[in-house]
Amino acid sequence: MQKLEIHSFFEKFIYLLLFFIVSTLNAENFKLKVASYDTLTLYLLTKIEEIKDENGFSSRRIPRSDLDFQKIREHLLQIDADILAIQNLRNEAEALNILSEDYSCFVNKRSTQSHRGIGICWKKNKFPISNIQIHKADTSPFFFKTQYNQERFVELQIPIGKSYYSFWSVYLYVDKERRTDQLHLLNDLLRKNKNFFVLGNFNDPLSKRTLSWKTLSEGLLIFNTGRYVKQRCLKNKILTSLILTDLDLKQKLTPVPFSQNEEALLEAKELLESCPVLLDVELQENPL
């Protein structure tokens, strides 16, 4: 009888221990680091030459040196994002060249060799199940002009716990009219979604009372985690790389400079178009 009681107690102890371990692992899966990284260019060419854009005009974007790539790799290792939106690149090879082997990536492939592509990367071991959607403007509402029909937003869908979450990589135009058209389209797409994060360079701080923010947020529950946050990477620039979400989080995004010294600020100007940003997310949901 005593042996049975000991055996029964031991089994219960093992079950409780396993339950605790599994619960702890599930809880860790709900802590995410999402980031947006906007490079000037990631050209992988063997000689220095000036690059022409799709219209034949000089883009003043020259290939990166090995030292440049090393600096960017080290910066991204420091950020260590679980999900990373990247702007200003042409293909997956350029993205994977600056990341560790932990990542899978998708880049929207444009019909030209333009550097203005957008991509999204994720840690493949942490998120083995994922789905990519490319949202084009060809079937968009009437307000989106024909000449912008090739514009795309890339969406990564991932099951986490009992829900699906979507992570969007975007790059918006500097031109105000074209950017407003993009914001209209993005608003229309996001209305059909929930549990989303939108990451990228909006070329606008999306301040609360501006037309840009009103256009994007009309009829949509959305929060700007970068509001009132000052950028610390590039001199004389406002923060335009942002992370938006429909989740009412307490966390604010954090700009991630190379470092705070003067030399690093000068380096950043040569390597980055806008300040990289990172958001630590703790999803408030019970695991499966």
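Only the coordinates and a few stated rules stand behind these numbers; no lab work does. Model, not experiment: these values are computed from the prediction. All Cβ positions, glycine included, derive from the backbone under ideal geometry; neighbour counts span all protein chains shown.
Going by how many other beta carbons lie within 10 Å of each one, how would you line up Val174, Val154, Val229, fewest first?
Val174, Val229, Val154
Given the pairs Lys176/Lys208; Lys71/Lys269; Lys31/Lys162; Lys33/Lys123; Lys123/Lys194, which are separated by over 19 angstrom at their Cα positions?
Lys123/Lys194
Ranked from highest to lowest mean number of other Cβ atoms within 10 Å per residue, what is the order of the peptides 179-190, 84-95, 157-168, 240-251?
84-95, 179-190, 240-251, 157-168
Could you check the spin-label model distance between Lys269 and Ser207? Points 7 Å from the Cα along Cα→Cβ, value in nm.
2.4
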